[in-house]
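Data first, discussion second: the structure below is written as structure tokens.
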Amino acid sequence: MTKDELVAKIVETTGIKKIDTQKALEALIHTIIETIKTGDKVNITGLGIFKLKDKKARLARNPKTGESIQVPAKRAPKFLPSKNFKEAVK
């Protein structure tokens, strides 16, 4: 499902104007990203937790050449689905 399809489904379900739904969805996405960037987590009950995970530096191997490569440490976004979400998609 694309963002436009999601907006259309929300409009169909709620009856809210399409432009207002688009603005609300954009605000939600922006708020989640800005919150995660600061190191805080976003917990949406029934959906899950968005947070930032620190990944350690590690040694990897290029499968084509077999050469060892040092992968630097980095921070990456992570989503942990809620129990209800997991059970709903089983």
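List of remarks:
- ILE69, sole failed condition from (1) farther than 30 Å from GLU87 by Cα; (2) surrounded by 12 or more Cβ atoms within 10 Å (Cβ to Cβ): (2)
- Filtered residues of the range 35-78 (kept if more than 24 Å from VAL89 (Cα to Cα) and β-branched (Val, Ile, Thr)): THR35, ILE36, THR38, THR65, ILE69, VAL71
All of the numbers you see were taken from the coordinates with simple rules; none came from a lab. In this text the structure is predicted, and so the values were computed from the model without any measurement. Using ideal geometry, Cβ is built from the backbone for each residue, glycine included, and neighbour counts are taken over all protein chains shown.
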